[in-house]
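The values are calculated or read from the model by the stated rules, or taken from the named source; none is laboratory data. As the structure is a computational prediction, the values presented were derived from the model and not from experiment. Here the Cβ positions follow ideal geometry from the backbone for every residue, glycine too, while neighbour counts run over all protein chains shown.
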Amino acid sequence: MRRRPSKGVVLKPEINVRKKANPELSGSDRELAIHNRIADVFLTVGDEEMYEKVLDIVLEALESRHGVFGYIDPEGSLVCPSMTREIFAQCRMSEADTVFPADSWSGIWGESLTTKRTILSNSSGKVPEGHIPITRCVFVPIVDREELIGLLAVANRDTDYGDADRNLMEAIAGRIGPILHARLARDIKEQERQSTEAALHRVLGEKDALLKEVHHRVKNNMAVILSMIGLQSEGFVHQETADGMNKIAGRIRAMALAHDQLYQSKDFQRVDLGAYAQRLSDALFQTCSQQAGMVALETRISDAAVTIDVAIPCGLILNELISNSLEHGFPGEKKGEIVVALEICEDGLYELAVMDNGVGSTLDAGGDRGVGLGLHLVELLAKQLGGELEMRWDHGADVRVRFPPENQ
Amino acid sequence: MTGPKILVVEDEFIVAFELKGALEGMGYTVCGMVSSGEDAIECAERERPDCVLMDVSLRGEMDGIEAARHIRGRFGTRSAFLSGFPVEEMMRRVADVRPIGIFVKPLEYGELEQTLGTFFLSGASEID
């Protein structure tokens, strides 16, 4: 069967016509030149081609046709990125597979690896079926600080390998050891970093999914609570009781809207207070459609982001004040305007204000503006925000809460 | 009752029950109340509602948008959607099935009444 050569072909059929490597250089100079070339490859060539390039240099120096340069991976398997498919043609592995687990090590190369000793042979050895014949070979384990970290091998030179070849191979392997070790250590660190990063991403994704789930549950629960209030209210014959229930429903709606706004933030950290105030004002005007027809809404809202702990009291304050204005500020189809404002003051405090040009003080108007549970809630919530409350009822309502954006 | 028939698909039964009362108060007939996409398709086939009020997140494999797509494809019936959180990705999918409206829970009934009223009055319910 004809086999396609893979990317990392190391078959060098032209080896004999190649010029001998600088024959005028003395043995140690020649060795130094080889070391320098290998060191250069290690420094400049990326992982994909490095093994192949180093092997090329070794094959040239040893005038050999075939060879292997591989490393031991963290699992203890021999990995040969530079090996050609011609060499292990009859592989038990798939096309891309050049990984040999320790328990599959056999033959001369297996012996060299397990004993961590050089093996030189000038006689044809037994090879697996389909494997290219090995006539002569030198297998040198690459060892760093007593630890086996790789394998360097050449094979099938036209002449016998001798002690000089063995010494040269061992010298090369000895030089490669520390650099290969550093490279492998770097790869392991990089892999660890990548897997840590992947794990972090996974955990973050899980956190997001969990938070989404929780917020969804909160919203659903509020919807169920509102439905129960709605159903219960159907039985009330007294207007006062029904109104009370409506007020409670309104407050829960305001809270639900804050959660909705938080959900829109994507990171679940901050609520866009401006957008929330706008939506809440619009929703309240929509519910009180009777008054809303006569009363205009004006919003003057700055961009501000706050935590849900700040957003909910703000929402409840707005809910009370806007409802109060709509319900009591404009009796008898009186026309007018309600202004909702959110401002960031120069001292860094936020100011939330609801103003209207409706009826004035409670005493003048004879109404119940400025008293009641709603305004008591506003007082409490302002305190909760660590803020200052200012209420004026001279010409309509003018209620302001100034509070620090970061409560605590 | 003779008002247009509405199928309610909502997996919170209390919410569904209150919704039924509200819809009947508006003069509609609630022809079915189911809590899964699969049941919704089956009920739509049997009852042939004039529109479906569909919660987006449902129990079971199929979500509300998927169920609405099936119902529209098979019976031509359009849906109005209810959602706790109308996020962008969901809105894109909803847009594909020509929704009558999208309502954020907790529901504002005034808004719902207005949208449904417009839908039936305009005759849009007949076209699809």
Taking into account only those residues within segment B:18-70 that are of a type in the set (G, A, S), closer than 30 Å to A:A249 by Cα and in contact (Cβ under 8 Å) with a residue 40 or more places away in the chain, which is farthest from the other protein chains (Cβ to nearest Cβ)? B:G64
Of the conditions (1) loosely packed, with under 14 Cβ neighbours inside 10 Å; (2) not in a helix (DSSP H, G or I), A:Y161 fails just one. Which one is it? (1)
Go through (1) among the acidic types (D, E); (2) in contact (Cβ under 8 Å) with a residue 12 or more places away in the chain; (3) away from chain B (no Cβ under 13 Å) for A:D208 and report which single condition fails. (3)
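Taking the conditions exactly as written (surrounded by fewer than 18 Cβ atoms within 10 Å (Cβ to Cβ) and of a type in the set (G, A, S)), does B:G84 satisfy them or not?
Details: surrounded by fewer than 18 Cβ atoms within 10 Å (Cβ to Cβ): no; of a type in the set (G, A, S): yes.
When the stated conditions are applied, B:G84 does not pass them.
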With criteria (1) at pLDDT 90 or above; (2) assigned to a strand (DSSP E or B); (3) more than 29 Å from A:K219 (Cα to Cα), A:V340 comes up short on (3)
Going through segment B:42-65 in order, the residues found to be surrounded by 19 or more Cβ atoms within 10 Å (Cβ to Cβ) and farther than 17 Å from B:A16 by Cβ are B:D50, B:I65
Answer yes or no: is there a residue in segment A:271-287 that is in contact with a Leu (Cβ under 7 Å, 6 or more places away or on another chain), free of Cβ contacts under 8 Å to residues at least 40 places away in the same chain and among the charged types (D, E, K, R). yes
Considering only residues that are within 14 Å of another protein chain (Cβ to nearest Cβ) and in contact with a helix residue (DSSP H, G or I) (Cβ under 6 Å, 6 or more places away or on another chain), which ones fall in segment B:1-17? B:V8, B:E10, B:E12, B:I14, B:V15
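Is at least one residue of segment B:48-57 within 11 Å of the chain's Cα centre (by Cα), aliphatic (A, V, I, L, M) and part of a helix (DSSP H, G or I)? Working first, answer last.
Applying the first criterion (within 11 Å of the chain's Cα centre (by Cα)) to segment B:48-57 yields B:49-56.
Applying the additional criterion that residues be aliphatic (A, V, I, L, M) yields B:52-54, B:56.
Going one step further and asking which of them are part of a helix (DSSP H, G or I), we end up with none.
Checking segment B:48-57: not a single residue is within 11 Å of the chain's Cα centre (by Cα), aliphatic (A, V, I, L, M) and part of a helix (DSSP H, G or I).
Tally time: how many residues in segment B:84-121 are within 12 Å of chain A (Cβ to nearest Cβ), free of Cβ contacts under 8 Å to residues at least 12 places away in the same chain and assigned to a helix (DSSP H, G or I)?
6
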